[in-house]
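No lab work stands behind these numbers, since they all come straight from the coordinates. Worth saying up front: this structure is predicted, and the values here are computed from it rather than measured. Don't worry about glycine lacking a Cβ; one is built from the backbone with ideal geometry, like all the others, and counts go over all protein chains shown.
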Amino acid sequence: MKKVIIADDIYAILRGEQNFLGRADITVVPAASNAAALALHKTETADLIIAKLDDGELNGEKFCSSIRRDDMLRNVSIIMVCSGVESDLKRCVKCSANAFVSSPLNATILLQEVYQLLNVPPRKSFRIRVTVKLEGTVKGRPYAGQAENISAAGMLLRLSAELMEGDSLVVSLSFPGHGRISATAEVARVLPKQKGRLPGYGISFIDISLDAILAIEALAADLASGGGAQNKKEEKEK
């Protein structure tokens, strides 16, 4: 059984369409606001939440932050609905939503995103070579590290350097078969240290191109479909 929490005015649009949300194996729970959606998720444990970037007391950034920083709540997909202006699209990327759809709302596009997120299995951690250039006190000195659980919103980075929340980075990523991208990122959280492992940091992209987003999504889709076998073979041979 899949559970979807959705802003009630958005659900009103989708309800007028014949779609898979009416299936017996999907439960839809309408929410009057982002704050109500967050409260529902704490008790209902949703698989997907459709929220709004601007919604009174709890905007998209605060909404996503409240969920992603809570170990009990974070394992949920989030679709953010926003205006089509460029500044709002960048806010959606930064707030760690899994996908975003601009308004005026196209029900077909939104339903495609909902279907994909409800039917994609939980993504496994994967490693790719990264080069990270730190700005500020380290004077741009490059460090080598590895990235895990990457998405278009950010990633978990393990790096041989001491960072603090709020530190900015220029990240260069090489995706075998998917090209090379770079993006500006910010440390959103510092993970507890683990013996025998590099320090871990949750970083959020704050300036990333559409081409970079598409490259990340293509890589994730490749891995989810069983691709990347060559990468796994190379890992075993090392």
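If R0 equals 41 Å, the separation of the Cβ atoms of D25 and V170 corresponds to a calculated FRET efficiency of about 0.40.
Looking at the range 1-77, which GluC sites (Glu not before Pro) are in a loop (DSSP not H, G, I, E or B) and have at most 13 other Cβ atoms within 10 Å? List each step's numbers first, then the result.
Working: sites: E17, E44, E57, E61; in loops: E17, E57.
Sparse-neighbourhood loop GluC sites (Glu not before Pro): E17, E57.
Stretched out straight at 0.36 nm per residue, the stretch from L191 to S160 would grow longer than its current Cα-Cα span by 9.8 nm.
Between the DSSP loop rule and a limit of at most 15 other Cβ atoms within 10 Å, which trypsin sites (Lys or Arg not before Pro) in the range 159-211 are left? Don't skip to the end; give the middle numbers.
Values: sites: R180, R189, K193, K195, R197; in loops: K193, K195, R197.
Counting only loop positions with at most 15 other Cβ atoms within 10 Å, the trypsin sites (Lys or Arg not before Pro) in the range 159-211 are K193, K195, R197.
In this simple spin-label model, placing a label point 7 Å from the Cα along the Cα-to-Cβ direction at both K62 and L214 gives a separation of 3.6 nm. Legend: distances between Cα atoms for K2/K94; K2/K90; K2/K195; pairs beyond 31 Å are K2/K195.
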